[in-house]
Amino acid sequence: MRSNFLLILEVTIAILFIYLLLSYKPNFYYDIRGFREEDLLSSLISINYLYPSNVTYLEDYSCQIASNILDYYKVFVNGSLACNNTDEDLRNSIRTFYIINGTPIFVEIFLK
Amino acid sequence: MLIKSVELILVLTICTLIFILSISFVGNSYNSFREELYLLRKFYEGRVLIKSLTESQTFSNKTCNITDNLIYYLSDPSSFYEYMKSLGIRDNVSLEVIDISDGKLLFKIGEKRDNFLEFRRVCYYNGSLYLFSIKV
C-alpha cells in the first residue's frame, strides 16, 4: 500500500516537472525600438542646410527624406497632407519645424 | 517483488525521459540565445557604423553631418575596411551612398546579403542630399 502511494507520488512529481520544463520559454528582452525615429530626425536636420525658400520646397525635401528612409509614412506640412504611401492609421509621429521667411512651418511625419 | 521491479523500471524510464528532455531543452535554449545574440550584435554593429560615419564631425551628436574625410574614406574600400576593423566590426557590411535628387550611385562597398538589417539616413553634403544605406 505504501509502495503504491510512493509510486503515485513519484509519477505526479515527474509529470509536474516535465510540465514545468516544457512550458518554460526563455525570453531575452531587449528594446531596439526608436532607431527609425532617430535616423529620421537626424536626416530632417539636413533640410536646414538647403535653406528652403518656400513651403513647396520644404514639402519636396520632407517627402524625399521620408520616402528614402521609411517603409510606411505620411507627411503633413502645416497640418495638410504632403505625401503618403499608406492609408493605414499610423500612430507614431515626429514633429519638427522650420523657419521660412520668419514663419515657423511645422512638419509632422507619421511612421510605422 | 513484481510490483517492486515494475516500479523500478518506471522510475528509471521517467528519470531517463526527464534527463533527455532537460538536455534538449538546454540545447534549444542555447541555440535560441545564440540566434538572438547574433541578431543583436548585427543590430548594434549597424548602429555603431551608421552613427560613427554620419556623426563624425564635432558637435554633430544625433545630427547627420558629412565631412570631406568620410568621402575620402569611402573612395577607398580598403581604408573603409580598416575603419570597420578599428570599430571592432567583424561581419560583412555593405554600404551604398546614393544622390537622392537623381538616384546616382556614388559609392558601393561590400555585397548585398540575404538576411540583413538595413539602416538608412539622408545627409547633406556639398549642396545636395545623399542617402546612406548600410546593410548588416
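Of all chymotrypsin sites (Phe, Trp or Tyr not before Pro) in region A:1-66, which ones are in loop regions per DSSP and have a Cβ with at most 14 other Cβ atoms within 10 Å? Let's see the in-between values first.
Numbers: sites: A:Phe5, A:Phe17, A:Tyr19, A:Tyr24, A:Phe28, A:Tyr29, A:Tyr30, A:Phe35, A:Tyr49, A:Tyr57, A:Tyr61; in loops: A:Tyr24, A:Phe28, A:Tyr29, A:Tyr30.
Sites meeting the loop and neighbour criteria: A:Tyr24, A:Phe28, A:Tyr29, A:Tyr30.
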If one builds a Gaussian network model of chain A from Cα atoms under 10 Å apart, the most fluctuating residue listed among A:Ile100, A:Ile18, A:Ile65 is A:Ile18
Classified through the alpha carbon gyration tensor (a ≥ b ≥ c as square roots of its eigenvalues; rounded if a/c is under 1.5, else prolate when a/b is larger than b/c, else oblate), region A:42-97 comes out prolate
The answer for B:Arg113, listing residues at least 5 apart or on another chain whose modeled amide H is closer than 5 Å to its amide H, is none
Taking 0.36 nm per residue of separation between A:Tyr19 and A:Arg33 and subtracting their Cα-Cα distance, the length gained on full extension comes to 1.6 nm
Lone Cys, chain B, Cβ cut-off 4.7 Å -> B:Cys15
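May I ask for the Kirkwood hydrodynamic radius of chain B, worked out over all distinct Cα pairs and given in angstroms to one decimal?
On the way: mean 1/r = 0.0544 Å⁻¹.
After inverting the pairwise mean of 1/r, the radius is 18.4 Å.
What helices does chain A hold that run 20 Å or longer along their axis, going by alpha-carbon atoms, with a Kyte-Doolittle average of -1.0 or more, using DSSP H for the helix calls?
Details: long enough: A:2-23 (31 Å, 1.87); A:55-69 (21 Å, 0.16).
Both cut-offs are met by A:2-23, A:55-69.
If you average 1/r over every pair of different alpha-carbon atoms in the protein assembly as shown and take one over that average, what Kirkwood value in Å do you get?
Working: mean 1/r = 0.0449 Å⁻¹.
Radius from the Kirkwood sum: 22.3 Å.
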In the protein assembly as shown, lysine pairs 8 or more places apart or on different chains with C-alpha atoms under 12 Å apart total 5
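Taking beta carbons within 10 Å but only from partner chains, what does the mean come to for residues A:44-53? Walk me through the numbers before you get to the answer.
Numbers: counts 3, 8, 13, 3, 2, 8, 4, 0, 0, 0.
Shielding by partners across A:44-53 averages 4.
Mind checking the mean number of beta-carbon atoms from other chains within 10 Å of the Cβ atoms in A:31-42?
On the way: counts 0, 6, 0, 0, 7, 2, 0, 6, 11, 3, 3, 13.
For this peptide, the per-residue mean of nearby foreign Cβ atoms is 4.
Just to confirm a number: summing +1 for Lys and Arg and -1 for Asp and Glu over residues other than B:Tyr125 whose beta-carbon lies under 11 angstrom from that of B:Tyr125, what do you get?
On the way: positive: none; negative: B:Asp68, B:Asp99.
It works out to a net charge of -2.
Could you work out the mean count of beta carbons from other protein chains within 10 Å of each residue's beta carbon in A:66-73? The partial results should precede the final answer.
Working: counts 1, 2, 10, 6, 1, 1, 0, 0.
That average works out to 3.
Laboratory data are not the source of any read-out in this text; all were calculated from the coordinates shown. Bear in mind that the values here come from a model prediction, so they are computed numbers and not experimental data. Note that we place each Cβ from the backbone using ideal geometry, even for glycine, and neighbour counts take in every protein chain shown.
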